[in-house]
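Visitor: One structure follows; several queries about it will come next.
The values are calculated or read from the model by the stated rules, or taken from the named source; none is laboratory data. Note that the structure is predicted; figures quoted are calculated from it, not measured. Methodologically, a virtual Cβ is constructed for each residue, glycine included, from the backbone with ideal geometry; neighbour enumeration extends over all protein chains shown. To get the accessible areas, we keep the full protein, side chains included, count just its heavy atoms, and leave off ligands, DNA and RNA. Shrake-Rupley method; radii C 1.70, N 1.55, O 1.52, S 1.80 Å.
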Amino acid sequence: MLRYDLHTHSVYSDGTTVPGEIAREAAAVGLAGFALTDHDTTEGWSEARIASAEAGVDFLPGIEVTTRDEWRSTHLLGYGIDPEHSELAEALARVRRSRVARAKEMVRRLSADYDITWEAVIGDAAGAAVLPESFTPTVGRPHIADALVAAGYFPDRGAAFAEVLRPGSRYYVPTYAIETVDAIGMVREAGGIPVLAHPAADRHSRSVDVSALERFVAAGLWGIELDHPENRPEWIPELERFAAGHGLRLTGASDYHGAGKPNRLGERSSAVGSWEEIRSLVAVPR
Ligand code: AMP
Ligand code: ZN
Ligand code: FE
Ligand code: FE
């Protein structure tokens, strides 16, 4: 059976491997294809495309957009968007700029109690050594976590998140996020396919609720990522019923972050049907 992993991160955001390495790993674990969905950037696509052709796996360009719906931080996957579409490109640039200011402020707060600097966070950013000159990855809390781990304060990213990087910590600072319904509209206008990422993620106190889903569907949502390592099983049936009643497609993916998270590439996946359906809807050459 052909399997496809629709959600992965590289050093262009907060993964720890380069896109080419994901392509080679995808082939090694028996995936027929994968989508690169770095946070708020499309910079890794060309490397992923070239390496995928060499490794003999199919590649779908994607993105994971940082959005917000009311109080809830909400991640939106967008497949096959035109990266030049100006409204979306400008919104993403704003998100990336805000992330830098926010990470700097978190580092400033942390530096009162921990011996870390902004230079260490950026210098240690997983991909600093391998990214093109002058390119900054989409900065997030995982990069701060890596600096804290490198300085010996925590054993891994998860421990740093649990203690100092979680919302509610006195070091936590929120970042600008696009309204989810606006992001769905922008992904559609940019020719892409919007899929709600991990709607039942266990980091939240509850699942995305039905009234929010109604608004997302009205805005053009195509599918939901129902099979994801962090989705809580007890919240799945309601989402499944909603999807069936509203013509939403279901996807599965690992949310691979290299060594940055326990998620293994291909541990969750989508079948060839959803992959080919997305491919048929977007203007992306094979
Ligand atoms: P940010 O984008 O700065 O808000 O950070 C969120 C990112 O951190 C997401 O991509 C998550 O995958 C990652 N993340 C959240 N919690 C953890 C954790 N416990 N361990 C490792 N990575 C995490
Ligand atoms: Zn991430
Ligand atoms: Fe996410
Ligand atoms: Fe992700």
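Visitor: What is the P(r) of the chain, as percent of Cα-Cα pairs per 5 Å bin from 0?
Guide: Here the calculated profile for the chain is 1, 6, 13, 17, 19, 18, 14, 8, 3, 1, 0.
Visitor: Another question about this same structure. What accessible area per residue, rounded to a whole number of Å², is obtained for the chain using a probe radius of 1.4 Å?
Guide: Details: 12080 Å² over 286 residues.
On a per-residue basis, 42 Å².
Visitor: Let me ask another. Going 7 Å from the Cα of Arg286 along its beta-carbon direction, which residues of the range 38-65 have the amide nitrogen within less than 14 Å of the resulting point?
Guide: 53, 56-60
Visitor: Okay, moving on. Pull up the DSSP beta bridges for the range 1-135 and report the antiparallel fraction as a percent, rounded to 5. Before the final figure, lay out each step's value.
Guide: Working: 8 of 15 bridges.
Roughly 55 percent of the beta bridges in the range 1-135 run antiparallel, per DSSP.
Visitor: A further question follows. Where the centre of each part is set by its Cα atoms, how far does the range 38-97 sit from the range 207-286, in angstrom?
Guide: The two parts, judged by their Cα centres, are 16 Å apart.
Visitor: In whole percent, what relative contact order does the range 1-151 give with Cα contacts below 8 Å and a gap of six or more residues?
Guide: Working: 251 pairs, mean separation 34.7, N = 151.
Rounded, it is 23 percent for the range 1-151.
Visitor: What's the magnitude of the charge dipole for the range 111-223 around its Cα centre, counting Lys and Arg as +1 and Asp and Glu as -1 at the beta-carbon? Answer in Debye, nearest 20.
Guide: Details: 8 positive and 14 negative charges, 71 e Å.
For this selection, approximately 340 debye.
Visitor: How far apart, in nm, are two points set 7 Å out from the Cα along the Cα-to-Cβ line at Glu84 and at Ser205?
Guide: Output for this residue pair reads 4.6 nm.
Visitor: Quickly rank 278-286, 38-46, 154-162 as a protection proxy: mean count of other C-beta atoms within 10 Å, highest first. Please list the in-between numbers first.
Guide: Working: 278-286: 13.7, 38-46: 21.3, 154-162: 16.7.
Order by mean packing, descending: 38-46, 154-162, 278-286.
Visitor: Which length gain, in nm to one decimal place, applies between Asp182 and Val29 when the Cα-Cα distance is subtracted from 0.36 nm times their residue separation?
Guide: Numbers: separation 153, 0.36 × 153 = 55.08 nm, distance 3.63 nm.
Between Asp182 and Val29, full extension yields an extra 51.4 nm.
Visitor: Based on the mean of other beta carbon atoms within 10 Å per residue, what is the order of 257-266, 205-214, 135-144, most packed first?
Guide: Working: 257-266: 18.1, 205-214: 14.5, 135-144: 22.2.
Highest mean packing first, the order is 135-144, 257-266, 205-214.
Visitor: With both bridge residues required to lie in the chain, what share of the DSSP beta bridges run antiparallel, to the nearest 5%? Don't jump to the answer; show the numbers that get you there.
Guide: Values: 15 of 33 bridges.
Approximately 45 percent, going by the DSSP bridge assignments.
Visitor: In the chain, what percent of the accessible surface is made up of carbon and sulfur (1.4 Å probe, ligands and nucleic acids excluded)?
Guide: Details: 6180 of 12080 Å².
Exposed carbon and sulfur together represent 51 percent of the surface.
Visitor: Quick check on the range 35-142: what are the equivalent-ellipsoid semi-axes from the Cα gyration tensor, as sqrt(5λ), descending, whole Å? Write out the running numbers ahead of the final one.
Guide: On the way: eigenvalues 148, 75, 28 Å².
Equivalent-ellipsoid dimensions as semi-axes: 27, 19, 12 Å.
Visitor: Something else: Could you order Ser111, Ser269 so the one with the most accessible surface comes first? Probe is 1.4 Å. Spell out each step's value before the answer.
Guide: Values: Ser111 55, Ser269 30 Å².
Result of the area sort, largest leading: Ser111, Ser269.
Visitor: Can you tell me how much longer the chain between Ala112 and Ala53 gets when fully stretched, taken as 0.36 nm per residue apart minus their C-alpha distance, in nm with one decimal? List each step's numbers first, then the result.
Guide: Values: separation 59, 0.36 × 59 = 21.24 nm, distance 4.80 nm.
Taking Ala112 through Ala53 to full extension adds about 16.4 nm, to one decimal.
Visitor: Take Glu277 and Ala162, extend 7 Å from each Cα along the Cα→Cβ direction, and tell me the distance between the two endpoints in nm.
Guide: 3.8 nm
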